[in-house]
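Asks: What follows is a single structure, and I will ask about it in a moment.
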Amino acid sequence: MYTSVLDVHSYIAYAALGLLLIAILNSFAGLAAKRPFLKKDRQIALIALTFTHIQFLLGIVLLFVTPKLDAAKALGMGGLMKNAELRQLIVEHPVINLIAVVLITIGWSKHKRTAEDASKFKKIGWLYLIGLILLLSRIPWNQWIG
C-alpha cells in the first residue's frame, strides 16, 4: 500500500504544482490586463485548490503508512529532530505543507467575499503564490527526483 500511495502522491504533485502555477499566472495576467474576474478564472483557481487538497490528503495517508514513521517513533522526538532526513519527512514537510494549503484555501475563501475584480485576482494570486513557494521549499527533492 505504501508504494502505491507514494506513487499517486508523486504524480498528483506534478498536477497540483502545475495547476497552482497556472492559477497564479492567470490571476496576475488578469490583474495586469484589468479585466473582469470571469467564470473561467474561478474554475482555474478552484481546480488548483481541489488538486492541492487531494495532494494534501494523500500526504496525510502517506504519513501514517510510511515505514519511516516506525523509525521516527523508535528515535523519539529528540532523535527525530537530530535526523535531518526524517525530520524533513515527518515534521517539516507535513507542517509547512499544511500552512501552504491553509494559505491557498484562505486565498480562495477571501476572493469569494470580495466584489472588486482586481482584489479577487490579488487575493488568489498572492496567497496561491506564497502557498506554492512554501510547497516547493519542503519537497524532499532527493527522494522525488532520485
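Asks: Which three lengths, in whole Å and largest first, does segment 1-133 cover when its Cα atoms are put on their principal axes?
Replies: 56, 29, 20
Asks: When we measure straight from the Cα of Lys122, which aspartates and glutamates land under 20 angstrom away, once same-chain ones fewer than 8 places off are left out?
Replies: Asp41
Asks: Students sometimes get this wrong: rank Asp70, Asp41 by accessible area, probe 1.4 Å, all chains present, largest first.
Replies: Asp70, Asp41
Asks: Would you rank Arg138, Arg113 by solvent-accessible area, highest first, keeping every protein chain in place and using a 1.4 Å probe?
Replies: Arg113, Arg138
Asks: Return one number: the angle in degrees, 0 to 90 and rounded to the nearest 10, between the long axis of the Cα atoms of helix 93-112 and the longest principal axis of the Cα atoms of the chain.
Replies: Long axis of 93-112 versus the principal axis of the chain: about 20 degrees.
Asks: Given a 1.4 Å probe and every protein chain left where it sits, what share in percent of the accessible area of the chain is carbon and sulfur?
Replies: 70
Asks: Give the relative contact order (percent, whole number) for the chain; include only Cα pairs under 8 Å separated by 6+ residues.
Replies: Contact order relative to length: 33 percent.
Asks: Determine the gain in length on full extension of the stretch Ile133-Ala15; use 0.36 nm per residue of separation and subtract their C-alpha separation, reporting nm with one decimal.
Replies: 40.9 nm
Asks: Nearest 10 degrees is fine. How inclined is helix 117-137 to the longest principal axis of the chain, computing both from alpha carbons?
Replies: 20
Asks: Work out the FRET efficiency for Val91 and Leu38 from their Cβ-Cβ distance, taking R0 = 35 Å, and round it to the nearest 0.05.
Replies: E between Val91 and Leu38, to the nearest 0.05, is 0.30.
Asks: Could you rank Glu116, Glu85, Glu92 by how accessible they are, 1.4 Å probe, largest area first?
Replies: Glu116, Glu85, Glu92
Asks: How much accessible area per residue does segment 1-95 have, in Å², with a 1.4 Å probe?
Replies: 58
The values are calculated or read from the model by the stated rules, or taken from the named source; none is laboratory data. Everything numeric here is computed off the predicted structure, so don't read it as measured data. Glycine gets a Cβ as well: all are built from the backbone with ideal geometry, and neighbour counts include every protein chain shown. Heads up: the accessible areas ignore ligands, DNA and RNA and are worked out on the full protein's heavy atoms, side chains in. Shrake-Rupley method; radii C 1.70, N 1.55, O 1.52, S 1.80 Å.
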